[in-house]
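Below: one structure, written as structure tokens.
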Amino acid sequence: LTFAGDIHPYYLELLGEAGYKALPGGDTDANYYYETKDIDSVNAYFFFDEPDGKDYPGNLPPTASLAKFRRQNATDGLGSMALLMEDYARLIRYIAPDKGTFMIINQTYKPDNYFMYGKIPDIPAADIYPHTTGEDPYTIYQGLNAARLASMPRPTYSVPDFVQQSFSNRFWKRPGTTEEFDLRVLYSIAAGAKGLIWYVFDAVSYTHLR
């Protein structure tokens, strides 16, 4: 079991004492990487979530303009965030060479997005979320298999869906069934996933669990 998110160094130490690993996220805060680089529980740094989603017209964050050779105030489409992601990964490897880098890739511009972003982190992960979109769960196998092939030889993780507390309908109008979750796991394994990640949401806040 691995915990992910913006985890304070104190809690990273506690996770290590309990035998857990973590995928903490520091984003652009270099101080966070310096503060945590020697903590044993840190397996890899979750430094960015879904950069390909930011490639889509009208969905670009302010940080996109920082990417090298990127035209200011222009939407370039697929790959507009790629060099910025390379910069992030390079800086993390410089600060913490003994730690891995981790990034989740969305479904925007698939399957080309997997070839664009799949080899930037040490551990790429593809999120599919068929329960949210109403797609056939078989898309987990299709998307993850494409991501694995594009990212080889890196180990690809699967983010097949997320779960939420039963009282919340923030994303799902009904809870997933045991059979639905089992099917998501089986499709992930069949596609060659080396890890599984489930996001846990409620109506107010969220945490990340693997």
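The 1.4 Å probe gives accessible areas that order 152, 81, largest first, as 152, 81. The length gained by stretching the chain between residue 17 and residue 34 to full extension, at 0.36 nm per residue less their Cα-Cα distance, is 4.1 nm.
Annotation: amide H of residue 192 has no partner in the under-5 Å range at sequence separation 5 or more or interchain, hydrogens built in the peptide plane.
The values are calculated or read from the model by the stated rules, or taken from the named source; none is laboratory data. Computed from a prediction, not measured in an experiment: that's the story for all the values here. What goes into the accessible areas is simple: the full protein's heavy atoms, side chains included, and nothing from ligands, DNA or RNA. Shrake-Rupley method; radii C 1.70, N 1.55, O 1.52, S 1.80 Å.
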